[in-house]
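Chemist: Supplied in structure tokens, the structure appears directly below.
The values are calculated or read from the model by the stated rules, or taken from the named source; none is laboratory data. As the structure is a prediction and not an experimental result, all values here were calculated from the model. Note that we place each Cβ from the backbone using ideal geometry, even for glycine, and neighbour counts take in every protein chain shown. We work out accessible area using only protein heavy atoms, side chains counted, and drop any ligands, DNA or RNA first. Shrake-Rupley method; radii C 1.70, N 1.55, O 1.52, S 1.80 Å.
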Amino acid sequence: MQTELLLFVAGLAAGVINAIAGGGGIILYPALLASGLSPLIANATSSLAVWPGSVAATYGYRRELRKIPHSFFYLTLPCLIGSILGCYILVNTQPTTFEQLAPWLVLSAVLLLALQSKIHKWLSMQTKRGKIHWHTMPLIFMAVFPLAMYGGFFGAGFGLMMLAILGFSSLQNIHQMNAIKNLCGITMAVVATIYFARAGLISWNEGLIMASGNAIGGYLGARTAQKVSAHVVHDLTVVIGLIISAVLILR
């Protein structure tokens, strides 16, 4: 019963964090590890756990979605193809290799989350100086494709980089960016769930428990996003992520 409660609460927290600030995937993977799953199975199962929250969050942002130019919806295409390639790479990775690599992937996602604001400021300066023109859709497509490959292989941190890319498009509203980010996240997570299920890598009991919490958290996060400080959620997630990374590296 304690394990089931841990998984549900972790899914709930990750759903809220993803909807408000991004980075909730940092919590899902170690919670699945704590339930007794192997690193490879835990990573694959997290794809099942995360997409109901993305669906719920996207529904919560449905008003913002109606205001977004249709060209942004085509970003689901590089997400679809890239995530398939990322899943293929993961399935063909040796379990021992992934077990050694996983703690450092989590740490990289945490550091990315911690440096998100600095990265955003630097890119913004380059854009103002005319060195980067992120408002053009072809460049955004090119940036999203390798990001989707990473997301198919190891999803934690995808939402953060997606927001950074969208921050230099014609979209100016953070809630519209979150809506598109969640839509792309749904595409990747559904593809990964199908791919990993066919490969026999998903633990359904743990994944469905976490997914139920994630769905509730995603909707609550989307509905309260304008009332909660994204900076507070961001900083708290960084602290939790650093603790988790240290435990995974030292275990």
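Chemist: Calculate, for Asn205 and Val239, the FRET efficiency according to 1/(1 + (r/R0)^6) with r their C-beta to C-beta distance and R0 41 Å; round to the nearest 0.05.
Modeler: Details: r = 30 Å, r/R0 = 0.74.
For R0 = 41 Å, the calculated efficiency reads 0.85.
Chemist: Given the Cα-Cα distance of Gln2 and Asn173 and 0.36 nm per residue of separation, how much length would full extension add, in nm? Don't skip to the end; give the middle numbers.
Modeler: Values: separation 171, 0.36 × 171 = 61.56 nm, distance 4.02 nm.
Length gained, Gln2 through Asn173: 57.5 nm.
Chemist: Next question, about the same structure. Return the ratio Rg/(2.2 N^0.38 Å) for region 1-68, where Rg is computed over Cα atoms only.
Modeler: On the way: Rg = 13.3 Å, N = 68, 2.2 N^0.38 = 10.9 Å.
My calculation over the Cα atoms of region 1-68 gives 1.22.
Chemist: Something else now. Using 0.36 nm per residue, how much length does the chain from Tyr59 to Leu85 gain when fully extended, once their Cα-Cα distance is taken away?
Modeler: Working: separation 26, 0.36 × 26 = 9.36 nm, distance 2.77 nm.
In short, 6.6 nm is gained.
Chemist: If we count every other residue with Cβ under 12 angstrom of Leu37's Cβ, Lys/Arg +1 and Asp/Glu -1, where does the sum land?
Modeler: Working: positive: none; negative: Glu99, Glu206.
Around Leu37, the charge tally is -2.
Chemist: If you don't mind, there's one more thing I want to ask. Need the C-alpha centroid separation for region 150-187 versus region 42-58, integer Å.
Modeler: 14
Chemist: Next up: So with the 1.4 Å probe, I'd like the accessible area per residue for region 168-218, rounded to whole Å². Present the calculation step by step, with values, prior to reporting the outcome.
Modeler: On the way: 1900 Å² over 51 residues.
Averaged over the residues of region 168-218, the accessible area is 37 Å².
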